[in-house]
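So the structure is just underneath, and the comments pick up after that.
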Amino acid sequence: MDVLDRAENYLQLNARLLDRLRFAALFRDGDRRRVLETLRCYQNPDGGFGHALEPDLRGPGSQPEPVEVAFWILDELDAFDSPMVPAACDYLAGVTTPDGGVPFVLPSVRNDPRAPWWQTEDDPPGNLVPTASIAGLLHKHRVTHPWLAPATAFCWSAIAAVTQPSPYEARAIVTFLDLTPERDRAEREFARLREAILATVAFDPDTPGAAHFPLDFAPAPLRLPLFGQDVLDRHLDALLARQSADGGWNGNWQMWTPLVEHEWGGYVTVHNLRTLRAYGRLPSS
């Protein structure tokens, strides 16, 4: 079987319905409306997302990070005209801090089972993760909502203060700078931060543990000149080689309870197939 057939078999045996439908829509001419209908089940009446859409957050309550997960799925479907988007922005507006950003995680997370790294203080500040990625995706799809302008101002201010980002901050910064319509400003900030961003990247494909590889920063070709084609090709080769014997991929972080290994496996497998196709390593259909 080829890469897609092996992945499809893995997804059928392991993945949640949402990710099986994503695969069908993206690679088998499946009905994209079924993905949207399923995604809508993760959205709460307040407009936020929960119910383990982000598998390491097991509770039903809304958190900012699952909004980013939902928006990446809407992005792959080119479905930012969905009513889920303004509802999610309304939710974000309700949890935004005075500086215009949304926190990485809200204190309500303490009420639910979660991965051990989902910790927070009583009054968490705004964070580039996930504010920057969410704002970038809204700009990409030309969404207008009152939340976006102050969130964008927060991103520019926070990025200007960064000198040594963490890997997750660096990834969020790359997303925002790649997608913002303010290109001159983005290119100036990128030039200032490029070396600091590259310092967070694992260039050896065999780096163990929860490393952040070039394709994590550039799952599709970027406008920003972050990596050369030789680097991308090496990691695309490695990504193909890492497809497991049963046809899937999984995250390189701790799988802290058995269920998340399957849920992340389905999500990561579809994500990696999209990356391979974006760089011409898979057929278009």
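Overall, the stretch 141-285 carries a charge dipole of about 460 debye about its Cα centre when +1 sits on the Cβ of Lys and Arg and -1 on the Cβ of Asp and Glu, all other atoms neutral.
Whats the longest run of the chain with zero GluC sites (Glu not before Pro) that are DSSP loop and have at most 15 other Cβ atoms within 10 Å? By the stated rule (loop sites, at most 15 other Cβ atoms within 10 Å), 1-120.
Computed over the chain, relative contact order equals 19 percent, with contacts defined as Cα pairs under 8 Å that lie 6+ residues apart. Couplings 3J(HN,Hα) of the stretch 243-258, computed from phi: 4, 6, 4, 8, x, x, 10, 9, x, 9, 9, 5, 9, 8, 8, x Hz, in residue order, whole Hz [Karplus 6.51 cos²θ - 1.76 cosθ + 1.60, θ = phi - 60°; x for Gly and Pro]. Charge dipole of the chain (Cα centre as origin; +1 on each Lys and Arg Cβ, -1 on each Asp and Glu Cβ, all else neutral): 460 debye, rounded to the nearest 20. When the Cα positions of M84, I173, F71 are compared along the charge dipole of the stretch 44-200, I173 comes out farthest toward the positive end, with charges on each C-beta of Lys, Arg, Asp and Glu. Note: relative contact order over the stretch 44-200, using C-alpha pairs below 8 Å and six or more positions apart, is 20 percent.
Considering only Q43, Q229, Q12, the Gaussian network model of the chain with Cα springs below 10 Å gives its largest mean-square fluctuation to Q229.
Using the Cβ of P130 as centre and a radius below 12 Å, the other residues enclosed give a net charge of -3, where K and R count +1 and D and E count -1. Taking the number of Cβ atoms within 10 Å of each Cβ as an exposure proxy, the fewest-first ranking of M255, M84 is M255, M84.
In the chain, the calculated helix contribution to ellipticity at 222 nm averages -16500 deg cm²/dmol per residue, counting -39,500 (n - 2.57) for every DSSP H run with n ≥ 4. A protection proxy built from the mean count of other Cβ atoms within 10 Å ranks the segments 133-144, 201-212, most packed first, as 133-144, 201-212.
Read-outs: derived from the displayed coordinates by stated rules, not from any lab. These figures come from a predicted structure and were not determined experimentally. Glycine also receives a Cβ, built like all others from the backbone with ideal geometry; neighbour counts cover every protein chain displayed.
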